[in-house]
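Each reported figure results from applying straightforward, stated rules to the coordinates on display, with no laboratory input. For clarity, every value in this text was computed on a predicted model and none was experimentally measured. Cβ coordinates were reconstructed from backbone atoms using ideal geometry, including for glycine residues, and neighbour counts include every protein chain displayed.
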Amino acid sequence: MLFSIPDSDWWSIAVAATGFFMIGIRGLPVGVKLPDDVRDATEADLNRGWWKLYVLTPVVAAAVLVVSRLRPEPAPVILFLYSAMFVAIPVALFPVRGRMLRDYVLQRQNPGVPIKPDRLAVAWIIGVLSVACLGAVAALMTTPYGRRG
């Protein structure tokens with residue numbers, strides 16, 4: 001069932017997953033409450049570097065896919081794993097975005113003081129990405145792949 005999708009559609013899914021990743025990362029700070037004095041400085045910093053997200057993400061994603069195609073696995077397998085992880089990253093970050101932004105604000109206000117990462121946020125991100133990775137691998141292991149005639 002998983003690999004009954006044509007190869008060209010897997011490429012479309014990978015492009016859509018890249019778009020979802022870029023939109024998801026861009027949308028992380030939306031709706032997070034910040035003090036007014038910090039909001040202006042933070043928004044200026046965030047807006048200055050967003051062009052890199054829109055330029056570098058597709059370039060890096062294309063490089064990853066090109067390098068991955070050098071491996072002997074069929075294209076749908078690689079594109080499935082690529083798509084699953086690109087979707088999982090914003091999904092993992094979204095629930096803990098407030099905690100991460102709070103740590104960023106604390107670091108901005110106290111530049112000389114090292115800020116310890118929030119253990120709950122780190123555990124959540126690692127847990128979600130691990131479950132997504134294991135789920136994708138389990139899906140691959142239970143789905144037979146055969147060359148279509």
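Taking the numbered list (1) surrounded by 11 or more Cβ atoms within 10 Å (Cβ to Cβ); (2) closer than 25 Å to Ser8 by Cα in turn, Gln107 passes all entries but (2). Contact map, the range 1-20: first residue in contact (Cβ under 8 Å) with a residue 60 or more places away in the chain and farther than 11 Å from Ser83 by Cβ, second residue among the hydroxyl-bearing types (Ser, Thr, Tyr) and surrounded by fewer than 18 Cβ atoms within 10 Å (Cβ to Cβ), Cβ cut-off under 9 Å, separation 6 or more or different chains; pairs are Met1/Thr143; Leu2/Thr142; Leu2/Thr143; Leu2/Tyr145; Phe3/Thr143; Phe3/Tyr145. Which residue out of Phe3, Phe80, Phe21 is of a type in the set (Phe, Trp, Tyr), more than 18 Å from the chain's Cα centre (by Cα) and closer than 30 Å to Thr142 by Cβ? Matching residue, one of Phe3, Phe80, Phe21: Phe3.
Within the range 49-78, residues that are surrounded by 10 or more Cβ atoms within 10 Å (Cβ to Cβ) have Cβ atoms under 9 Å from residues that are assigned to a loop (DSSP other than H, G, I, E, B) and of a type outside the set (Ser, Thr, Tyr) in these pairs: Pro74/Arg147; Ala75/Arg69; Pro76/Ile5; Pro76/Pro6; Ile78/Arg69; Ile78/Arg71, counting only partners at least 6 apart in sequence or on another chain.
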